[in-house]
Protein chains: 2
Amino acid sequence: MRLAILGTGLMGTSIGLRLKREGQPGAFELVGYDKYYEVAQTALRARAIDRVASTAREAVEGADLVIIAVPVLAIRVLLEEIAPAVRADAVITDTGSTKAEVLRWAAEYFPTHEGFVGGHPMAGKTEAGPRAADADLFVDARWVIVPAVHSSDNAIEQVTALAESMGAKPMIMDAAEHDAYVAAISHMPQLAATALFSMVRASEAWPELSMLAAGGFKDMTRLSATDAAMAFDIAVTNREHATHWLDRYIAALRELRDRVADIEGDQELFKLIAENEYEYTAYRNGKVGREESSGTPSLSPMSFQEMLTGGWVSDKLDEITKGSEERVRENEQRRRDRRDI
Amino acid sequence: MRLAILGTGLMGTSIGLRLKREGQPGAFELVGYDKYYEVAQTALRARAIDRVASTAREAVEGADLVIIAVPVLAIRVLLEEIAPAVRADAVITDTGSTKAEVLRWAAEYFPTHEGFVGGHPMAGKTEAGPRAADADLFVDARWVIVPAVHSSDNAIEQVTALAESMGAKPMIMDAAEHDAYVAAISHMPQLAATALFSMVRASEAWPELSMLAAGGFKDMTRLSATDAAMAFDIAVTNREHATHWLDRYIAALRELRDRVADIEGDQELFKLIAENEYEYTAYRNGKVGREESSGTPSLSPMSFQEMLTGGWVSDKLDEITKGSEERVRENEQRRRDRRDI
C-alpha cells in the first residue's frame with residue numbers, strides 16, 4: 001500500500017509520525033512532498049515519511065491514499081496538478097480549514113472521481129512546520145469529515161479510519177455547516193486576536209503597554225502567531241461566514257460596552273458577568289454537545305438561576321444594589337463639581 | 001514586626017507564602033483576615049499566615065504593614081473599617097486592579113496618613129482562592145506602584161521592597177496612567193472574552209460549536225473564568241477607560257471586517273495579517289518596552305518592510321495578486337449565475 005502526504009508542515013508531518021508509529025512496519029510506504037524541499041527533508045529526517053518526491057505528481061503516482069495538508073488556497077493548486085496522475089480508485093482527502101471552496105475545487109478537477117472526501121482535524125498549534133509536529137497532535141480532537149456529492153462509501157470509511165488512527169473523533173458534516181461553525185469558534189476569533197494585537201501594538205503607549213501586559217493579553221492575542229498564509233487563506237475562503245460572525249461579535253461588544261457605560265445598570269452587568277463565568281466553568285468542566293446525549297451528570301449541581309437566589313452571587317447582588325445608589329450619587333456629584341469649575 | 005493581610009484569596013495567600021518562604025523565621029508575625037472564615041483557615045493551614053483575626057480591625061491592630069488583597073469595591077469597605085484602628089505610622093498598600101478610585105477612597109478615609117501607597121501586581125490566574133496560591137506567582141511580573149499625594153518616601157520604599165521581595169519588578173506610575181494602560185491590555189480584553197463566550201454560548205448551534213471548539217476558542221474565552229466579583233468591580237471602577245478601549249476595539253474590528261469583505265483588497269489584508277504575525281512574534285520573543293533602552297539586539301534581524309521585498313512574504317503576495325484577479329472574476333461569475341436562476 002502506498003500513501004502520499006502533500007505538504008509536510010505541522011499537520012502532514014504529525015500525520016506521518018502517527019501513521020509510522022501506529023502502523024505495521026513494512027505494511028505501507030509513505031511518500032512525502034513539500035513545495036519547500038528542505039521542509040520535506042526535515043520530515044524525512046524525523047522519519048515521518050519514507051521518501052521525498054520532487055513533485056506532487058510524482059508523489060501521488062500509484063498512491064492508494066493521498067492526504068493534502070497545505071494552506072487552503074494551495075489545495076487548489078495541488079488538486080489541479082495531481083488530477084492527471086492520481087489513480088482512478090485512489091482516496092483523496094485534505095486537512096484544510098475551510099471546506100466549501102475545497103469541495104468546489106475537487107468537483108472541478110475530479111468531476112467523476114468517487115474517492116475525494118474533505119477533512120478538517122480540529123487541532124493545531126500556532127507553531128508551524130515539521131519541527132513542531134507531534135504524533136499525538138490529534139488525540140481526542142474532533143476530525144470533521146465532509147463527503148463530496150460523488151464520495152463512495154468506501155472512501156468515507158477510509159478517511160474515517162484515518163481520523164480514528166490519529167486518535168481523533170470523526171464527525172460527519174456538510175461543507176456549509178462546517179464553514180459556518182468554524183467561522184464562529186475559530187476563524188472569527190483568529191481575526192479578533194489580530195485586530196486586538198495590531199490595535200494595541202499601534203498605540204503610542206505600546207512601550208508601556210507591552211511591559212505591563214500579562215497572561216490575559218497573551219491569551220487574547222496568541223492566535224496572532226498563526227502562520228499568516230494559513231490565516232489569510234482561511235479568511236478569503238470563508239469570507240461570508242467570517243464577516244457574519246465579526247458583525248455579530250461587534251454587535252455583542254457594543255451591547256456590553258453600553259452596559260458597562262450605564263452606571264444605573266450595574267445589577268444587569270454583574271448578572272451577565274456572573275452567568276458567563278458560570279457557563280464558561282461548566283463548559284471547561286466538560287459540558288459540551290447536547291446535554292441530553294452527554295450521559296454524565298452535570299458537574300454544576302446548582303443552576304445559575306438558583307445561585308441568583310442564594311449563595312455568594314445573591315450576596316454580591318445585594319451589595320451592588322446598595323453600592324449602586326451611592327455610585328450614581330457620587331457620579332452626579334462629580335459631574336456637578338466639574339460644571340462648577 | 002507585624003504584617004496584616006486582608007483578604008486571603010489567591011493574591012493574599014500567595015504574598016503570605018512568599019513572605020514566609022523568603023523572610024527570616026520569627027522576624028515578623030503575619031496576621032490574616034478574610035470575610036469568609038474558611039478562606040482564612042485554608043491560608044492558615046497552608047502556612048501563608050501565622051494566625052487568623054476575626055475582624056479586619058483586629059488584624060490591623062499594631063501592624064507595621066497592611067496589605068489589602070480583595071476585589072476593588074471591597075477595598076473601600078475595608079479602608080473605612082480599618083481607618084480608626086491602623087497605627088498612625090503604618091504603611092498600607094493594596095493589590096487592586098484599578099487605582100484612581102482606590103486612591104480617592106484612601107484620601108477620603110486616611111486624609112492625613114502618609115503611609116498609603118497603591119499597588120497592582122500584574123500577575124494572576126483565573127483560578128481564585130487560597131488553594132490556587134503560589135509563592136512564585138509574582139516572579140518577573142511588573143508590580144505597579146501608585147503613590148498617593150501624601151505618601152512618604154519611606155512608605156514608597158517599603159512597598160517597593162515588598163514588590164521586590166515577591167520577585168516582581170516595581171514600576172512607579174500615576175493612577176490615571178495606570179488605569180488607562182490596564183484598560184487596554186487587561187480590562188477591555190477581559191470584557192471582550194466575556195462578549196465572545198456569551199455570544200457563542202447563546203447561539204442555537206452551541207451543541208455543535210462546543211464540540212468543535214479547540215485551543216483557539218479556549219484561549220480567546222479563558223478570561224471568562226475570572227472571578228465575577230473581581231471582573232465586575234474592575235469594570236465599574238474603570239468604566240471610562242474600559243469603554244474607551246472597547247470603542248477603539250469595535251472600530252478596529254469593523255475596519256478588519258470591511259477588509260475581509262472586500263474581495264479586491266486581498267493584498268492589503270494579507271499585508272496586515274503578515275505584519276501582525278511578524279510584530280507579535282517579535283513581542284513574544286521579548287521585544288517589549290522602548291527599543292532604545294532594551295540593550296539586547298533585535299531577535300528579528302529582517303524588518304517587515306524588507307520581508308515585503310524578499311522571502312516568502314513577497315512570494316505569497318505575488319501569488320495573491322495573481323489569484324486575486326481570478327477570485328474577483330469567479331465571484332462575479334457566481335453573482336451572475338445567481339441572478340440567472
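Residue by residue, here is whether (1) in the same structural domain as B:Ala184 (by TED's automatic domain parsing); (2) assigned to a helix (DSSP H, G or I); (3) in contact with a Gly (Cβ under 7 Å, 6 or more places away or on another chain); (4) not small (Gly, Ala, Ser) holds:
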{"position": "B:Glu101", "(1), (2), (3), (4)": "no, yes, no, yes"}
{"position": "B:Trp105", "(1), (2), (3), (4)": "no, yes, no, yes"}
{"position": "B:Pro111", "(1), (2), (3), (4)": "no, no, no, yes"}
{"position": "B:Glu114", "(1), (2), (3), (4)": "no, no, no, yes"}
{"position": "B:Arg131", "(1), (2), (3), (4)": "no, yes, no, yes"}
{"position": "B:Asp140", "(1), (2), (3), (4)": "no, no, yes, yes"}
{"position": "B:Thr160", "(1), (2), (3), (4)": "no, yes, no, yes"}
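Among the criteria (1) in contact with a Phe, Trp or Tyr (Cβ under 8 Å, 6 or more places away or on another chain); (2) modelled with pLDDT of 75 or more, the one B:Ser300 does not fulfil is (2).
Residues of the range B:50-64 that are surrounded by fewer than 20 Cβ atoms within 10 Å (Cβ to Cβ) and not in a loop (DSSP other than H, G, I, E, B): B:Arg51, B:Val52, B:Arg57, B:Glu58.
Matching residues to (1) closer than 24 Å to A:Asp34 by Cβ; (2) surrounded by 20 or more Cβ atoms within 10 Å (Cβ to Cβ); (3) β-branched (Val, Ile, Thr):
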position: A:Gly129; (1), (2), (3): yes, no, no
position: A:Asp140; (1), (2), (3): no, no, no
position: A:Asp153; (1), (2), (3): no, no, no
position: A:Ala163; (1), (2), (3): yes, yes, no
position: A:Ala168; (1), (2), (3): yes, yes, no
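The set of residues in the range B:165-193 being in contact (Cβ under 8 Å) with a residue 12 or more places away in the chain and touching a strand residue (DSSP E or B) at 6+ places or on another chain (Cβ under 9 Å) consists of B:Met166, B:Ala168, B:Lys169, B:Pro170, B:Met171, B:Ile172, B:Met173, B:Asp174, B:Ala175, B:His178, B:Val182. Only one of the numbered conditions (1) closer than 14 Å to A:Arg131 by Cα; (2) buried (at least 21 other Cβ atoms within 10 Å of the Cβ); (3) out of contact with any Leu (no Cβ under 8 Å at 6 or more places or on another chain) is not met by A:Gly16, and that is (3). For A:Leu246, the conditions (1) at pLDDT below 95; (2) surrounded by 21 or more Cβ atoms within 10 Å (Cβ to Cβ) are fulfilled apart from (1).
Out of all the residues in the range A:280-291, is one or more surrounded by 14 or more Cβ atoms within 10 Å (Cβ to Cβ), part of a helix (DSSP H, G or I), at pLDDT 80 or above and among the aliphatic types (A, V, I, L, M)? Looking through the range A:280-291, at least one residue is surrounded by 14 or more Cβ atoms within 10 Å (Cβ to Cβ), part of a helix (DSSP H, G or I), at pLDDT 80 or above and among the aliphatic types (A, V, I, L, M).
Number of residues in the range A:142-156 that are closer than 22 Å to A:Leu19 by Cα and in contact with a strand residue (DSSP E or B) (Cβ under 6 Å, 6 or more places away or on another chain) equals 7. The one condition from (1) buried (at least 20 other Cβ atoms within 10 Å of the Cβ); (2) within 17 Å of the chain's Cα centre (by Cα); (3) farther than 23 Å from B:Ala128 by Cα that B:Ala235 does not meet is (3). Before we move on, is B:Lys271 assigned to a loop (DSSP other than H, G, I, E, B) and either crowded, with 16+ Cβ neighbours inside 10 Å or at pLDDT 95 or above (or both)? Considered against the rule, which asks whether it is assigned to a loop (DSSP other than H, G, I, E, B) and either crowded, with 16+ Cβ neighbours inside 10 Å or at pLDDT 95 or above (or both), B:Lys271 comes out as no.
The lone criterion from (1) surrounded by fewer than 22 Cβ atoms within 10 Å (Cβ to Cβ); (2) in contact with a His (Cβ under 6 Å, 6 or more places away or on another chain) left unmet by A:Lys99 is number (1). Checked against the criterion of being closer than 19 Å to A:Asp233 by Cα and small (Gly, Ala, Ser), the candidates B:Ala228, B:Ala274 yield just one match: B:Ala274.
Restricted to the range B:176-241, the set of helices (runs of 4 or more DSSP H) holding at least 1 residues that are at the interface with another protein chain (Cβ under 7 Å from one of its Cβ atoms) and under 22 Å from A:His120 (Cα atoms) comprises B:188-201, B:206-212, B:215-221. In the range B:247-269, the residues that are at the interface with chain A (Cβ under 7 Å from one of its Cβ atoms) form Cβ pairs under 8 Å with partners that are assigned to a loop (DSSP other than H, G, I, E, B) and exposed (fewer than 14 other Cβ atoms within 10 Å of the Cβ), at six or more places apart or across chains, as follows: B:Leu269/B:Asp262. Of all residues in the range A:65-80, those that are part of a helix (DSSP H, G or I) and more than 28 Å from A:Ala27 (Cβ to Cβ) total 6.
Looking at the structure I just gave you, is A:Arg76 within 12 Å of chain B (Cβ to nearest Cβ), under 20 Å from the mean Cα position of the chain (by Cα) and surrounded by 20 or more Cβ atoms within 10 Å (Cβ to Cβ)? Answer is no for this residue. Is it the case that the range A:27-49 has a residue that's touching a helix residue (DSSP H, G or I) at 6+ places or on another chain (Cβ under 8 Å), part of a loop (DSSP other than H, G, I, E, B), among the aliphatic types (A, V, I, L, M) and buried (at least 22 other Cβ atoms within 10 Å of the Cβ)? Looking through the range A:27-49, at least one residue is touching a helix residue (DSSP H, G or I) at 6+ places or on another chain (Cβ under 8 Å), part of a loop (DSSP other than H, G, I, E, B), among the aliphatic types (A, V, I, L, M) and buried (at least 22 other Cβ atoms within 10 Å of the Cβ).
The values are calculated or read from the model by the stated rules, or taken from the named source; none is laboratory data. Owing to the predicted nature of the structure, the values given are computational and were not obtained by experimental measurement. Methodologically, a virtual Cβ is constructed for each residue, glycine included, from the backbone with ideal geometry; neighbour enumeration extends over all protein chains shown.
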